[in-house]
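Note sheet for the following structure.
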Amino acid sequence: MDHSRAPVLEALSAYRKSGQTPFTPPGHKQGRGADPRVRAVLGDAVFLSDVLAISGLDDRRSTHGILAKAQELMADAVGAQHTFFTTCGSSLSVKAAMLSVAGPHEKLLVGRDAHKAVISGLILSGIEPVWVEPQWDAERHLAHPPSADAFAAAFEEHPDARGALVTSPTPYGTSSDLAAIAEVCHARNKPVIVDEAWGAHLPFHSGLPTWAMDAGADVCVTSVHKMGSGLEQGSVFHLQGDLVKPEVLKGRADLLGTTSPSVLIYAALDGWRRQMVEHGKALYDDALALATDVRKRIAAIDGMHVHGRDDFCGAGRAADMDPLQIIIDITALKTTGYRAADWIREHHQINLHLSDHRRISAQLTHADDEDTTAALLAALRDVVAHAADLRPAPHVTIPPPHRLRLEQALLPRDAFFGHTEQVEWERAEGRISAEMLTPYPPGIPAVLPGERINADVLTYLRTGVDAGMVVPDAVDDDVKSVRVVAED
């Protein structure tokens, strides 16, 4: 296929040159109706390219197949059989994938380190989750993806499960042995879905972890806006094999997706694919070399430990890791990642990726260079110099792994939509949660609807919020009260 072409971008250029006069949405009519103050910030190009996908970019019948051609090129670029674009982020893509494999009251094996978008999918669909435990690093208080053996054991106990869903890489950059998990699933003729939101770049360089399609996944969900050059909400999902039918996946996505997709997001996806095919290898040669250098420089800063393969990979841990996710343990500074990240933003105008009770992280991509990383290094050295100002930091009480795992007493859907009440957090112990309580980022819920809450997790969340943790999906985001299933 001719990867020098970019069908969406070319059609958009042709539309702008054609001088068409729209009597359709969007109502700003090529920016003519937009407030000049808005145009001054967003620029005219945004409005000129904000057109209808149908009866705008293409005609009413999609005669020119512009989007279809762009999706075919994307599939060819990464070696998938089918690719679908979405402008609703991987939060939609992963829900469509789940609904293509299991339906209401059917079982799906799900790694318990799943993103909140997966939990939302369970709530909307009524799928019964069978939780597969992550591999817990008790020393570092960090979860890595579940092992293939854990998925095999779950299938033995629940042979009626319709398939499996695994998150890899995690937001901390650690990856599972996807080939082994796919083998476990396919031996039982069951599909495996990979939430690879953090892995858009993986197909384009051999120095990165193996990407899901190469490992044998049936459906792979990717957020191009996270590690690629897509606009926010730009996501694709890929399909191969015959365990999930393309028309089913397309239909589920159509059920959930918007009828007013953003051509701007489509265009960025299209252009990113061309960029990666033509220049991806060279771009990631440079990015990986830069990451290696930056890791060494950060490791030389007193009080900072950069996690590498020795920490994250091996027996009982992850199978691989993405070196572009630079995870830094700052325990030696005797403060929290929350405080350090906030201080760096305030004093250096640098936004870090993740922060938790003992870590901060920086996400590098092909867009970074010596200038951006020099600013990062300067900020990290400065926060060490001012660490005394960040002490004493509130203590976050982290329970042992077995106390973090809660009993699933009701289906997520039944708890979420059931009769509920709000109770003070001290009275929530033993009650069934009717909401997600999700430290964000990374967005992995500590409590799910339908789980019975224990005192340890409540203490973890309360001490976490007091220390700077954000729990944005809670009804009470200070977690001083909790939404629970009402007791008759």
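Some values worked out for this structure:
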item: About the Cα centre, charge dipole magnitude for the chain (Lys/Arg +1, Asp/Glu -1 at Cβ), debye; result: 980
item: Under the Karplus curve 6.51 cos²θ - 1.76 cosθ + 1.60, θ = phi - 60°, whole-Hz ³J(HN,Hα) for the stretch 483-488, x wherever Gly or Pro sits; result: 7, 10, 5, 5, 9, 6
item: Rounded to 5, percent antiparallel among DSSP beta bridges of the chain; result: 65
item: Given charges at beta-carbon only (K, R positive; D, E negative), |dipole| of the stretch 190-329 in Debye; result: 140
item: Cα centroid of the stretch 157-213 to Cα centroid of the stretch 428-488, whole Å; result: 28
item: Value of relative contact order over the stretch 299-359, rounded to a whole percent, pairs C-alpha under 8 Å and six or more apart; result: 31
item: Phi-based couplings in Hz for the stretch 180-190 (Karplus 6.51, -1.76, 1.60; Gly and Pro marked x); result: 5, 5, 4, 5, 4, 5, 6, 5, 10, 6, 10
item: Ordering of 98-108, 387-397 by burial proxy (mean other Cβ atoms within 10 Å per residue, highest first); result: 98-108, 387-397
item: Mean Cβ neighbour count within 10 Å, used as a protection proxy, ranking 14-23, 325-334, 217-226 highest first; result: 217-226, 325-334, 14-23
item: Which of Ala393, Ile444, Gln408, positive extreme of dipole for the stretch 390-452 (C-beta unit charges); result: Ala393
item: Vicinal HN-Hα couplings computed from phi for the stretch 15-32 (Karplus, 6.51 cos²θ - 1.76 cosθ + 1.60; Hz; Gly/Pro x); result: 4, 5, 7, 6, x, 5, 10, x, 10, 9, x, x, x, 6, 6, 6, x, 5
item: Förster radius 41 Å - calculated FRET efficiency between Glu370 and Lys245 (Cβ-Cβ, nearest 0.05); result: 0.30
item: Extreme residue, positive dipole direction of the chain, given options Asn351, Met304, Thr336 (C-beta unit charges); result: Asn351
item: Pairwise centroid distance, computed over Cα atoms, of the stretch 18-54 with the stretch 258-315, Å; result: 33
item: Separation between Cα centres of the stretch 94-149 and the stretch 369-424, rounded to whole Å; result: 20
item: Built amide H within the under 5 Å cut-off of Arg359, gap 5+; result: Ile330, Gly337
item: Mean Cβ neighbour count within 10 Å, used as a protection proxy, ranking 54-60, 26-32 highest first; result: 54-60, 26-32
item: Positive minus negative residues near Asp478 (Lys, Arg vs Asp, Glu; Cβ under 12 Å); result: -2
item: Nonlocal amide H pairs with Gly303, under 5 Å, H built at 1.01 Å; result: none
item: Contour excess over end-to-end distance, with Cα ends at Leu231 and Gln81 and 0.36 nm allotted per residue; result: 51.6 nm
item: Carbon/sulfur fraction of accessible area - the stretch 74-150, other protein chains in place, 1.4 Å, %; result: 48
item: Pairs beyond 32 Å (Cα-Cα), from Lys29/Lys69; Lys95/Lys296; Lys107/Lys250; Lys69/Lys281; Lys29/Lys281; result: Lys95/Lys296; Lys29/Lys281
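The values are calculated or read from the model by the stated rules, or taken from the named source; none is laboratory data. Worth saying up front: this structure is predicted, and the values here are computed from it rather than measured. Note that each Cβ is placed from the backbone with ideal geometry, even for glycine, and that neighbours are counted across all protein chains shown. SASA here: full protein model, heavy atoms, side chains in, ligands and nucleic acids out. Shrake-Rupley method; radii C 1.70, N 1.55, O 1.52, S 1.80 Å.
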